[in-house]
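Colleague: Pasting in a structure now, in structure tokens, and then I'll have a few things to ask.
The values are calculated or read from the model by the stated rules, or taken from the named source; none is laboratory data. Owing to the predicted nature of the structure, the values given are computational and were not obtained by experimental measurement. Cβ placement follows ideal geometry from the backbone for every residue including glycine, while neighbour counts extend to all protein chains displayed.
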């Protein structure tokens, strides 16, 4: 009975199954390609172990590494090899000879060399549901030319298919042995690669069904392989009301015509030390009072620094964390790929119900791309669109370069991604450093176009009346037009 395309076999790796729209199609052959050390054998072990968990039988045909070493390495990663049948045919075994033909590769053949005998007898005895051949390219070194190699491989795959087995075979990419021409014998190809920004996985070929296209990420861990699919915003939607979210500071809400809307993306920009993170966290403080959950990803400072600074300005982060209203994640950008970070965000949103997600800051997030030009906007757009589709409020913190002087809305040219842009500025007024707050953009409603003085005190955020006595504020060195209006005393700045 021919298996249905809707019947899928798990690869044993959840992220890879997601890319494959559920897994592999039974009784077909799949090629795993990559350079040495990319994790091909580990992926194959996941595939066999998933079959054992489903009550199937598995056979590992080893054509290169000694079976004792293979088992030891597998067990060090937590794989139980006791239930896997191993057929050890390392290069020291007898090789296929030029005059053999395996186009039918059936047990009734009478002329077979020892290696052929071993494969036929091993497969027939095990009667496996899943077969791994690792690596198939080892056969090329045992045959006289490429023609014989292709001929033997075709026969080998036909023989395994006749046994109603699902086959995964690995091939090792080398400069001297390209493997592109092996795709003709396979129903699907899984490519493992390495880029400047991390390990990548893609599926360039998969017969009979669609897969998630593009470049995904993976990591080899102490427990095997973890795969992180590229974020596909259109695949995720949630129901929500486009309601106003208050900051808890009346003057900030006035600037924003009531607050920011749920399911929008806001950029809070400004130079270092101006209060971007504190202002953003204020929205989370207010959300905690409504019983909502927020998560913050710190790319540019430590968790302890964040917590200490928040406590000093009357944001009860310890209480928020204890009640589950706040999750603080310190992220080492150079150890993460953008796909892995997106998976972290998805887990918080889909599994733990995050209502607000804050990325602090965008420059640190950019390091996850490790110098890959052109990907910044693509990745940020996907993340922002995903949050909006799920009804999650996103806050991205962007640090501008200039302390004073020429005004910049954002550094990374991502202003078009934002529904709201809130900016903060350092000001130098008569030899005194002051701060200013304003709103540059709001898609969903009107907003106040004034600029207000902004302060962070031990009691929290204080925002003053519009600074109408000054002009040239965005330059960072404003001029006082009317020295008698709206001047603040020293007491106001405590």
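Colleague: From the list 400, 477, pick out the single residue that is surrounded by fewer than 15 Cβ atoms within 10 Å (Cβ to Cβ) and modelled with pLDDT under 90.
Modeller: On inspection, the qualifying residue turns out to be 477.
Colleague: If you don't mind, another one. Residues to consider are 221, 200; find the one that is within 27 Å of residue 382 (Cα to Cα), free of Cβ contacts under 8 Å to residues at least 12 places away in the same chain and either touching a helix residue (DSSP H, G or I) at 6+ places or on another chain (Cβ under 9 Å) or assigned by TED's automatic domain parsing to the domain that holds residue 117 (or both).
Modeller: Going through 221, 200 in turn, just one is within 27 Å of residue 382 (Cα to Cα), free of Cβ contacts under 8 Å to residues at least 12 places away in the same chain and either touching a helix residue (DSSP H, G or I) at 6+ places or on another chain (Cβ under 9 Å) or assigned by TED's automatic domain parsing to the domain that holds residue 117 (or both): 221.
Colleague: I've got another one for you. If you check 345, 357, which single one turns out to be crowded, with 18+ Cβ neighbours inside 10 Å, under 21 Å from residue 226 (Cβ atoms), at pLDDT 95 or above and in the same structural domain as residue 441 (by TED's automatic domain parsing)?
Modeller: 345
Colleague: What's the number of the condition residue 339 fails, among (1) in contact with a strand residue (DSSP E or B) (Cβ under 8 Å, 6 or more places away or on another chain); (2) surrounded by fewer than 20 Cβ atoms within 10 Å (Cβ to Cβ)?
Modeller: Unmet for residue 339, out of (1) in contact with a strand residue (DSSP E or B) (Cβ under 8 Å, 6 or more places away or on another chain); (2) surrounded by fewer than 20 Cβ atoms within 10 Å (Cβ to Cβ): (2).
Colleague: Taking the condition of being closer than 29 Å to residue 312 by Cα, without any contact (Cβ under 8 Å) to a residue 40 or more places away in the chain and in contact with a helix residue (DSSP H, G or I) (Cβ under 8 Å, 6 or more places away or on another chain), how many residues in the stretch 441-461 meet it?
Modeller: Residues meeting the conditions: 2.
Colleague: Taking the stretch 115-129, which residues are touching a residue at least 40 places away in the same chain (Cβ under 8 Å) and under 11 Å from residue 87 (Cβ atoms)?
Modeller: Within the stretch 115-129, 119, 122, 123, 126, 128 qualify.
Colleague: Another question about this same structure. Please determine whether any residue of the stretch 254-268 is surrounded by fewer than 18 Cβ atoms within 10 Å (Cβ to Cβ) and under 30 Å from residue 38 (Cα atoms).
Modeller: no
Colleague: When both residues are 6+ apart or on different chains and their Cβ atoms are under 8 Å apart, which pairs have a first residue that lies in the stretch 290-305 and is over 20 Å from residue 247 (Cα atoms), and a second that is in a loop (DSSP other than H, G, I, E, B)?
Modeller: Cβ pairs passing all conditions: 298/331; 299/331; 299/361; 300/361.
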